[in-house]
1. Test of understanding: what is the full-extension gain from residue 49 to residue 66, defined as 0.36 nm times their sequence separation minus their Cα-Cα distance?
2. Given H placed on each backbone N at 1.01 Å, which residues far from residue 78 in sequence or on other chains put an amide H within less than 5 Å of it?
3. Once the whole set of protein chains is in place, how much accessible area is left on residue 54, using a 1.4 Å probe, in Å² to the nearest 10?
4. Mark the label point 7 Å from the Cα of residue 142 along Cα→Cβ and return the residues of the stretch 73-96 whose backbone N is within less than 20 Å of it.
5. Give me the accessible area of residue 142, 1.4 Å probe, in Å² rounded to the nearest 10.
Amino acid sequence: MRNRFARSTTAVTAACVAALAALPAAAAGDAVYHSQHMQLEAVGGAPLLSGFVENIKANGPTIYAHEVYVLNGAAPRATYTVTNNFFDGPTCAGPATDTDTAELGTNRAGNARADVFFVPADVAGSEGVHGVMWTVRNAADEIVYRTGCSIVTLD
């Protein structure tokens, strides 16, 4: 009986190893800049239970970066514009290049999500270390949410 158990354990182990070997290899992320999860903070008493920007730098030949924007408990049925504020240098000081990247439309609970993908051509010529922050404006063009300053390296 002991030998039969040993044979079945060996067979299960071999099957597990074969199954793991068949899985696709994980995508390699960027070696210089890793993904960042940045909380959005309410500005001027704007309603918000939680919110964030997830900045994922894939650094691939097709997808350079993937950003996810999430609002929970913002104003219901409202439209917001997400802007990437990109600074020349490692701090968020001085003039910024502002690029609107997404529009968020909240549901009746004030929740919204958007995914944006950037291709390598979107960042060509901007290599180096930069300060970046994300702001979210309401329909009246007022900044109602923002992240802190983050240092990113574009390579």
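1. On the way: separation 17, 0.36 × 17 = 6.12 nm, distance 2.37 nm.
Value of the extension gain: 3.7 nm.
2. Those qualifying (amide H under 5 Å, at least 5 residues apart or on another chain) are 106.
3. Probe radius 1.4 Å; accessible area of residue 54 about 40 Å².
4. Residues 73-83 fall inside that zone.
5. The value for residue 142 is about 100 Å².
The values are calculated or read from the model by the stated rules, or taken from the named source; none is laboratory data. Note that the coordinates shown come from a computational prediction; the quantities given were computed from them, not determined experimentally. Cβ sites come from the backbone with ideal geometry, for glycine too, and all protein chains shown count toward neighbours. The accessibility values were calculated without ligands, DNA or RNA, using every heavy atom of the protein model including side chains. Shrake-Rupley method; radii C 1.70, N 1.55, O 1.52, S 1.80 Å.
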